[in-house]
Every structure is written in structure tokens, then in C-alpha cells.
Amino acid sequence: MMGHQPIYQNKLFITGFDLDSRIQQDHPLRKILEKIDFDFIYDEVKDSYGYKGNVSVPPPVILKMMLLLVLYNVRSERELISTIPVRLDWLWFLGYDLEDEIPNHSVLSKARARWGVKAFKKFFERIVWQCVKAGLIDGRKVFVDASLIDADASNNSVVDTHKLEKYLNKSFKRLENRLDEIMALKKTPADSRHISTTDPDASVTRHSKGKSKLRYKTHRAVDEKHEVITATKVSPGSVDDGHLLEDMIDAHEHNTQQKLETAVADSKYGTKDNYLLCNDRKIKAHIPSIEKTHRGSGRQKGIFPKEAFSYDLEMDVFLCPAGETLRKKSYNKKRKHYEYKASRGACAQCELRSKCTRSKDGRSLKRHVRQEELEIMVKEAESRKARRDIKHRQDLSERSFAWSTRYGYKRARWRNLWRMEIQDFLIAAVQNITILIKQPEEKMSKSNVQVGQIMRNPRPKGRDYPSISPFLGLLFRKIGSYILSWPNGGKPILPMVISSS
């Protein structure tokens, strides 16, 4: 007998409805509530509220709403608020019932302005520390990288700062002050001339051969063990990656309470300052030298590299491939290096001049005051372990940033640097929470550290075992041929060999 759906009528009363029973036990939001304590935000933002006036939405509810905004990559806060009443799991996660009134979307923007970046940074740091206590972070090796984010502003909003007063009148002073702050972040002169009237903190940046756009840049440190993000920082898009390596190391050690032993990054971080920084802090820098990476390209193409010149430590001179002497001429106080030059006449008459220099003044070389330490660090960066880490970094870092795209990472939700920092902390926290609720907890014991070392270095140092893959492959082929030979009277069917003749 066919059943017919009755005509729906609104119920005056809802009885016996348990919202908790409608949420499956393995729901991600249920796991998040079991693992994460949102009540810490009460003490963190209590100074942002007064003692009189209307009662606010509880801060943990606001923080959960912002978490949902990023976790489900909801396009806007208006859409989030309008969707909450029709999502039972969201209602349950926020602690609301079916008949509860949902707050206006404006409470989210007001809370961001009232709380500031500090509250969200604290939330991210608490998640990192929770991952540490769960045994998900090793802390001794970190992979550092950066990626560009499109700002929420059009290129049409970019104006020339030399003509800014003409267009902005009274607001010029405010934006000029903002420009001074951006200049303090080591921006290039070409970029400092242009500023967006929509988002003054974003900078005009070009990625590879693409089109120049208004962008921010996220700098990220990722632990090797479970790819937990241990440190993150946002800057204007034009800030050099290598300038923030020290900030990443400091944040990583602060958040994990673990002394860093190895830093892995690409050649953009391979500057002399960063090598010496790692040397002074007893950190192995598995970072390719930016000087060597770009050697042989551009104006240096076809020119003798620095290694073609021999240095005499006793005489403090360089000898060129033609046997001429390069003597110390000057000292750069800012860059802390000496410059060595050959005589102009010697270079002018040299047969190897076309392969040595294109300068009218002849060939010159620079030697840092701490050159011996730099050479040790560069040698470490070219070791077998370093090459393996550098190759692994490309996969690990790209995977971390690619994962962020599902949370709306590639474009700014809001404008201004401080709002971008909030977005960045929320995205990093969501990624770490996802790892936290998926991985079984491990006790922080010495045995786990030893297991981690064995998994990373399965072969003892100083011994090189031959690969057994070819022997296993040959063995399996032989066994397979004998199995197939049974229908052939017991004669093995050997693999066909094609003669090269």
C-alpha cells in the first residue's frame, strides 16, 4: 500500500526533542568541543567589556562563530548568521536551541575590533601548546616558507603617493603615517611609492611572471612530525621572505618551548645574515645559499665564480685564474665585508677578461668579516641531509599552504593588516585543530623521541646499506614464472628477452 505524506502544519509546541541526539558521535564539531576549551577567552578579553549596559553575546560563542566561518569557508558573516538556524550541528556547537535567537552579524566585526589581534594570537598559541602536550610536535626541526595572499582591494585603488595629497586632501596625513609604518617593514623604494586607498597596508606585488596585484604575505613555520603550524606571521606582500626568519624561529621556540636544532627553508632565506643568525644560535641551517642559487644568471652568466679565485689567508689576498693578485681596498661598514680588487691595468690587458668581468674598473670580490663561519654554514647547507630536507620542504610547505586554500586562505576576508593577522591565526588554528582531533594522543616521553629519531634516520650513521629492491624484484619474478609454469608441464616460463641486434 502506497503511503501519502500528510499536509505539514506548524507545531505550536516542540516536546521531547534532544538536539544532542541528532549529532553523530564522530562529528568533527563534537570532537572539537571535546578537545578545545573555548572558555579561556573570558579572561583574555574581560578588559574589553564594561560593567554596565547591555549584556553581550558570550565571548566563547563569538569565537566559535569565527571558527565556523573559517572551518566551513563561509563567504560572509551575513551568510554565516543566516545559515546557523538551519544547521543543527552548528546550533549544537554554539550551545543554542531551536528557539533561541541568533545574534546579528555585526557582533562579529565589533568583537574583532574590541578584542584586537592579541586574543586570536593567544587562541592559536594555546592550540599549538595543546598539540605539544599531545605529542604531535617534535619541535627540533622546522620548515619555513611564505606565500602571497590577494588583498580585498582592486588595483584601481592604487595611487601614486607623490600625488596622493591631490586626491585625498585631509586624509593624506593619516595615510602618510601608514606609509611610514609600511616603510619600516623594509619595503623597496619602487613599492613604497604606490599605495591603495582601499587597503593601505597591502602592497603591489608581482608573483613570478604574473600580474602585479595588491597582496599580503603569510610567513609560516611547520613542524616535521605531524605538519603542525607552530608559528605564523602576516606582512605586506613586498616584504622579503628572509627578513622574517628570526621572527619565525623566536615564535616557534616560544610556542613549543623547544630549542630549535634545524631550520629548513628555500634559497630566499639563504642570506649571510640568516646563516650567521643560525650559527650564533647553534641552529643547523639547511637553506640553499641565495648567492650560489642565482650565480651564473643575469649579468653573472659566463663569468668566473668566486670559487675560481684562491684566497691566501696569510697574505690576505685573492689570486685570480690568470695569476693576478686582488688586494684589500675598502670596507663596507653596513654589510660588514671587505672588497678586494685587481689593478685596472692588469684586468684591461688580461686575455680572460671577457670570462672574468664586464666592469670597467676590473674584477672585485667581497669577503665577509666572518667568512670562515659562513663557509661552515654553507657547507652544512650542501650536505646530504640538508639536500634531503630541502627537497622534503617543498612537498611539506606546499601541502600546508594548499590545505589552507579550503579555508579561504588565498584571498583576504577583511582589509588592513591587523584584520589579516586575525584571519591568519584562525586559519592556522583550524588546521592544527584538524590535526589534533584526527591524531591519537601520544605521551611526551623519551621513548617517543627515540622512535621519532629511528623513523627519520632508519640507517645508522657511517654505514651505507645497498638497496635490496632489485634482488626482491628478481626473486618475485622467478617465483611468478614457476607459478605460471604449472599448466605448462612444470617447465618455467622465463621472461622474454629482446635482442638488441
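The values are calculated or read from the model by the stated rules, or taken from the named source; none is laboratory data. Remember, predicted model here, so these are calculated numbers, not experimental data. No Cβ is skipped: glycine too gets one built from the backbone with ideal geometry, and neighbour counts run over all protein chains shown.
Annotations
- Residue 275 vs. criteria buried (at least 21 other Cβ atoms within 10 Å of the Cβ), farther than 13 Å from residue 143 by Cα and aromatic (Phe, Trp, Tyr): yes
- Residue, surrounded by the fewest Cβ atoms within 10 Å (Cβ to Cβ), within the stretch 278-299, restricted to residues that are of a type in the set (S, T, N, Q) and assigned to a helix (DSSP H, G or I): 293
- Figure legend. Inter-residue proximity from the stretch 55-70: first residues surrounded by fewer than 21 Cβ atoms within 10 Å (Cβ to Cβ), second residues not in a helix (DSSP H, G or I), beta-carbon distance below 6 Å, spacing 6+ or different chains. Indicated pairs: 57/103; 60/38; 60/39.
- Residue within the stretch 2-17 that is modelled with pLDDT under 95, farther than 25 Å from residue 410 by Cβ, surrounded by 11 or more Cβ atoms within 10 Å (Cβ to Cβ) and of a type in the set (Val, Ile, Thr) present: no
- Hey, residue 376 more than 30 Å from residue 148 (Cα to Cα) and part of a helix (DSSP H, G or I) or not: yes
- The residue of the stretch 182-209 that is nearest to residue 245 (Cα to Cα), among those that are basic (Lys, Arg) and at pLDDT below 55, is 186.
- For residue 348, the criteria (1) in a helix (DSSP H, G or I); (2) farther than 23 Å from residue 305 by Cα hold in every case but one, which is (2).
- Some residue of the stretch 357-368 being touching a strand residue (DSSP E or B) at 6+ places or on another chain (Cβ under 9 Å), surrounded by 12 or more Cβ atoms within 10 Å (Cβ to Cβ) and touching a residue at least 60 places away in the same chain (Cβ under 8 Å): yes
- Pair list, Cβ < 9 Å and 6+ apart or interchain, from the stretch 309-332 residues that are without any contact (Cβ under 8 Å) to a residue 12 or more places away in the chain to residues that are in a strand (DSSP E or B) and among the aliphatic types (A, V, I, L, M): 310/319; 312/319; 319/326
- The stretch 79-137 holds helices (runs of 4 or more DSSP H) entirely within its bounds, and those carrying 2 or more residues that are closer than 16 Å to residue 425 by Cα map to 106-115, 117-133.
- Residue 247 vs. criteria surrounded by fewer than 17 Cβ atoms within 10 Å (Cβ to Cβ), farther than 30 Å from residue 361 by Cβ and not assigned by TED's automatic domain parsing to the domain that holds residue 370: yes
- Against the test of being farther than 22 Å from residue 387 by Cα, crowded, with 19+ Cβ neighbours inside 10 Å, modelled with pLDDT under 95 and under 17 Å from the mean Cα position of the chain (by Cα), the options 217, 268 yield a single qualifying residue, 217.
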